[in-house]
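Worksheet: one structure, shown below.
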Amino acid sequence: MSKRSYTGKDIQVLEGLEPVRKRPGMFIGGTGKPGLHHLLWEIVDNAVDEATNGYASFIEVTLHRDGRSISVADNGRGIPIDRHPTKKIPTLEVILTTLHAGGKFDASNYITSGGLHGVGASVVNALSEELVAVVKRDGGTYEQRFARGIPVTKLKKTASGTRGSGTIIFFRPDRDIFDSTSFDGDWIRNHLEVKTYLNGTLRIVFKDDTSGQKYEFHHEGGIVEYQERLLEEYKARPVHENPFVLKQDELVDGSRMELILQWTESPKEHLKSFVNGIPTLDGGTHEQGFRDAVRSAVRAYMDTHDLMPRKQDIGADDIREGMVGIMNLFMMNPQFQGQTKEKLNNPSARSLVSGALRIELEQFLNRHPTTGEAIATRVIQAARARHASRAAATAVRRKTSVSHRLNLPGKLADCSSTDPSESEIFIVEGDSAGGSAKQGRDRMYQAILPLRGKVLNAEQATLKKVMDNKELSNVVQALGCGIGDHLNLSRLRYHKIILLMDADSDGNHITTLLLTFFYRYMRALIDEGYVYLAQPPLYRIDAAKKSYWALDDADRDEIIAKLQSSNRNVKFEQQRFKGLGEMMPATLKSTTLDPEKRRLLLVKIPEEERLSTEHTISELMGKDASARFRFIMANATEVDELDV
Ligand code: 1YM
């Protein structure tokens, strides 16, 4: 990169300043407090650029007593004052009165400008009641005054025999433009100090004449010192001692990059990104490249050293959790996006950064195994914490919204959804059927509760006895809505309660007992239409490479008759399932569980039969087991909606 000097002929002239006063927001983001301070950042950036390019080492910023006017001085070369070749006025005047006048349009003049080099000065001038530029250069002192972007004096030589060189810009923002024109000393102080971290040789003095305070900033340690300060600010304890520091001076197109990175115990990620020393608060393509690189470098390191946990998935967020870092990318022609122009938009920056960072970071981890392992441990810890907190959040949500999740029966295989309207529970007979059902279910919406021991006949028992019965109390706990007088349907955890029993007399018996229990103690579940019977098949008929399922003997006979009527010689095999436990989970799924394919029977009591139902229940559930069985069989197979 050449350190050459500017002369008037290098300046391109594009436009006048009227658009800036008409639509200030387009140039500085807005006319509020950030917009006001943006004026100062523009002038400071020009001075910092001069320092970054190696011509200046000192900047002094003074907030004057009125709190609304500022001077910025540097000891650089001084803005050129030679006569502009086409405009026939001094270059200084061109820079301060012409929009888009700057050196950045020609790559041969580019050094490391903030992208607005010289451009910003005219915007500041346009939006200031008064602006005075003083240049010390070539042994003289020169001065020119402006009001709202218009020169009120010519460029005048005010002294000769001047030693040294530099630029001083005094400006007072226009009250007609800004909501308020009071500067915030604390904002300015912070902004200036950050600049000195990003340029270790730069010294900045800030004189706040509103308070009489004077601050001096100089951080020889550069971003390493900045990092230490950030760790303190975030109260982030590092998990490894030496940070990863990268200084890449020779990237594509004369770009360069400075970066520091360290993992800490902080639960968050903190990345301060800059382009040409200008903060990119909204991130952008360079941050994407940074994330790409960190993810793949840490992953590659963990893979190579067999540090990846087998049972725990590691996400990109886990890798970056607790990471504190600073990245400053220097590039030509940065394009900024968004209202306040704080997001980098150049697509090339992504691969530029990731290319420069990935390999270096991986090598660093390989060369410093203690650090590498500490980082890997932190990443795994983040993944575990994420996992645990998600599980805890789900538990709390259930507990607070639908039910007491923590009191759920141990045998319940719950569904993930916490929305009762989309959730269903299958109450299944026996552990082996429960196992098939668990494998065949959609765990998002379908819960499985296996019943093992004997279900109590509720018709003959007191409430106390009912609750002492393990199986029934499991049902009550799983449903979450209470029982008897305490039943509260708003706490019901599933809006489909599906009884899934073997298609035999034992299965029917249990179904009967459960329905009796619901009828006696949780009647609203039936009245509101939450209770269903599943219909698992009893037979499988295989014919011509196809399978058919029959719910019962009659169903089977009908299927066989149909097969034979289409082909007299059809060969078929039939299998009778002894129980649900024998069925393959996939078969159970497609015949009985899958909402798309299954047939359910809704249990309901028709209005006109209320009285007789009451009679039937007490009659049937009293003593006569065979009567019960007949009742269920008759009702369950004949109608789609079972009437008890
Ligand atoms: C208090 C603000 O603006 N300093 C400053 C600005 C410029 C130069 C030096 C400068 C740059 C170059 C050559 C160059 C500017 N130059 C231009 C333009 N301080 C402050 N100090 N000579 C002097 O970039 O090659 C715009 S600003 F347009 F001439 F390049």
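The values are calculated or read from the model by the stated rules, or taken from the named source; none is laboratory data. Everything numeric here is computed off the predicted structure, so don't read it as measured data. Positions of Cβ are backbone-derived with ideal geometry, glycine not excepted, and every protein chain shown enters the neighbour counts. What goes into the accessible areas is simple: the full protein's heavy atoms, side chains included, and nothing from ligands, DNA or RNA. Shrake-Rupley method; radii C 1.70, N 1.55, O 1.52, S 1.80 Å.
Points to keep in mind about this one:
- For trypsin sites (Lys or Arg not before Pro), the sites in the stretch 62-101 that DSSP calls loop and that have at most 13 other Cβ atoms within 10 Å are ARG65, LYS88.
- At an R0 of 25 angstrom, the distance between the Cβ atoms of ARG65 and ASP138 translates into a FRET efficiency of 0.15.
- A simple packing score, the average count of other Cβ atoms within 10 Å per residue, orders the peptides 423-430, 578-585 as 423-430, 578-585, with the highest score first.
- The HN-Hα couplings worked out from phi for the stretch 80-91 by the Karplus form 6.51 cos²θ - 1.76 cosθ + 1.60 (θ = phi - 60°) are x, 10, 5, 6, 6, x, 9, 7, 6, 10, x, 3 Hz, whole numbers, x standing for Gly and Pro.
- Treating r as the C-beta distance of ALA385 and VAL252 and R0 as 30 Å, the FRET efficiency rounds to 0.15.
- Order by protection proxy (mean Cβ within 10 Å, highest first), peptides 380-388, 38-46: 38-46, 380-388
- Along each principal axis, Cα extent of the stretch 431-555, largest first, Å: 56, 33, 26
- Of the solvent-accessible surface of the chain, computed with a 1.4 Å probe and all protein chains present, 48% belongs to carbon and sulfur.
- Cα-based helix-to-principal-axis angle, 285-304 vs the chain, degrees rounded to 10: 60
- Accessible area per residue for the chain is 47 Å², calculated with a 1.4 Å probe on protein heavy atoms, without ligands, DNA or RNA.
- Extension gain, SER180 back to MET332 (0.36 nm per residue minus Cα-Cα distance, nm): 51.3 nm
- Mean residue ellipticity at 222 nm, helices only, the chain: -11500 deg cm²/dmol; runs of at least 4 DSSP H residues each add -39,500 (n - 2.57), and the sum is divided by the number of residues.
- Distance distribution note for the stretch 311-363: the fraction of Cα pairs above 18 angstrom is 52%.
- Estimated distance in nm for a label pair at ASN53 and THR370, the labels positioned 7 Å out from Cα along Cα-to-Cβ: 4.6
- Modelled FRET efficiency - R0 22 Å, LYS562 with LEU602, Cβ distances, 0.05 increments: 0.20
- Spacing of the modelled spin labels on LYS464 and ASP306, each 7 Å from Cα toward Cβ, amounts to 6.2 nm.
- Distance (nanometres) between label positions extended 7 Å along Cα→Cβ at GLU216 and ALA159: 2.2
- Each eigenvalue of the Cα gyration tensor of the chain, multiplied by 5 and square-rooted, gives one semi-axis; in descending order these are 80, 27, 24 Å.
- Computed extension gain for VAL205 through GLU422, at 0.36 nm per residue and net of the alpha carbon distance, reaches 71.6 nm.
- Rh by Kirkwood over Cα pairs, then Stokes-Einstein D for the stretch 272-319 at 0.890 mPa s and 25 °C, µm²/s: 197
- Of the trypsin sites (Lys or Arg not before Pro) found in the stretch 253-322, those in coil by DSSP whose Cβ has at most 14 other Cβ atoms within 10 Å are LYS268, ARG310, LYS311.
- Residue separation of ASN488 and LYS411 scaled by 0.36 nm, minus their Cα-Cα distance, works out to 25.4 nm of gained length.
- Ordering of 492-498, 155-161 by burial proxy (mean other Cβ atoms within 10 Å per residue, highest first): 492-498, 155-161
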